[in-house]
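Colleague: Input: one structure, supplied below.
The values are calculated or read from the model by the stated rules, or taken from the named source; none is laboratory data. Quick caveat, the model's predicted, so the values are computed rather than measured. Methodologically, a virtual Cβ is constructed for each residue, glycine included, from the backbone with ideal geometry; neighbour enumeration extends over all protein chains shown.
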Amino acid sequence: MSGRRWGGIALLAIAAFMFLGFLSSSASLGSPTAIIALLLTVGLPAGAGVALLRGIGGARSARAERLRQQTIDAEILRLAMQHAGKLTAVEVATALALSPETAKASLDSLAERELADLEITDAGVIVYAFHDAKNIGGKSSARGLLDA
């Protein structure tokens, strides 16, 4: 079990223990201080425990997924430079230990962002051509835009 789950369970147990203590006490629910004390000692831990168990930190996991995708994209571009600017989904899947579906989706995303063009072989294999990666060796002959 993860630490997040244990923390959520522990906070709910604390909230239940505090609630039982409140019920067995002589405190009246009519006084504002008793209500505030109940909210602080029972409501706050219970809310935090539920939040941990439900995974309110979804923004963190979305951020982690974006970072994962950016890492995959960077590795695909690095791989394209090693393969003369042309890759297939199978090459990406095997080199990066991805599922074929994930590799294809990542390559398609790069093509949608116009970082790659789609080509097809005579045998019907889809090839992703990364023109910048293919021509990276010619960067030493680069000139200013107005000098061309």
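Colleague: Identify, please: which residue in segment 101-124 is in contact with an Asp or Glu (Cβ under 8 Å, 6 or more places away or on another chain) and closer than 21 Å to Ile136 by Cα and is, among those, surrounded by the fewest Cβ atoms within 10 Å (Cβ to Cβ)?
Modeller: Ala111
Colleague: Hey, another quick one. Of all residues in segment 1-48, which are under 36 Å from the mean Cα position of the chain (by Cα), aliphatic (A, V, I, L, M) and at pLDDT below 85?
Modeller: Once the filter is applied, which keeps residues that are under 36 Å from the mean Cα position of the chain (by Cα), aliphatic (A, V, I, L, M) and at pLDDT below 85, segment 1-48 yields only Met1.
Colleague: Being touching a strand residue (DSSP E or B) at 6+ places or on another chain (Cβ under 7 Å) and either surrounded by 18 or more Cβ atoms within 10 Å (Cβ to Cβ) or not in a helix (DSSP H, G or I) (or both) is the filter here, so list the residues in segment 79-88 that pass it.
Modeller: Ala80, Gly85, Lys86, Leu87, Thr88
Colleague: Mind listing whichever residues of segment 91-148 are out of contact with any strand residue (DSSP E or B) (no Cβ under 8 Å at 6 or more places or on another chain) and of a type in the set (Asp, Glu)?
Modeller: Listed by number, the residues that qualify are Glu91, Glu101, Asp108, Glu112, Glu114, Asp122, Asp132, Asp147.
Colleague: Then there is this: Can we say Leu98 is surrounded by 16 or more Cβ atoms within 10 Å (Cβ to Cβ) and closer than 30 Å to Val125 by Cα?
Modeller: Spelling it out, Leu98 is indeed surrounded by 16 or more Cβ atoms within 10 Å (Cβ to Cβ) and closer than 30 Å to Val125 by Cα.
Colleague: One residue is enough: does segment 113-131 have a residue meeting the conditions at pLDDT below 95, in a helix (DSSP H, G or I) and in the same structural domain as Ala80 (by TED's automatic domain parsing)?
Modeller: yes
Colleague: Output yes when any residue across segment 89-106 is touching a residue at least 24 places away in the same chain (Cβ under 8 Å), closer than 11 Å to Phe130 by Cβ and hydrophobic (A, V, I, L, M, F, W, C), and no when none is.
Modeller: no
Colleague: Among residues belonging to segment 59-78 that are touching a residue at least 24 places away in the same chain (Cβ under 8 Å) and among the β-branched types (Val, Ile, Thr), point out the one that is surrounded by the most Cβ atoms within 10 Å (Cβ to Cβ).
Modeller: Here the answer is Ile76.
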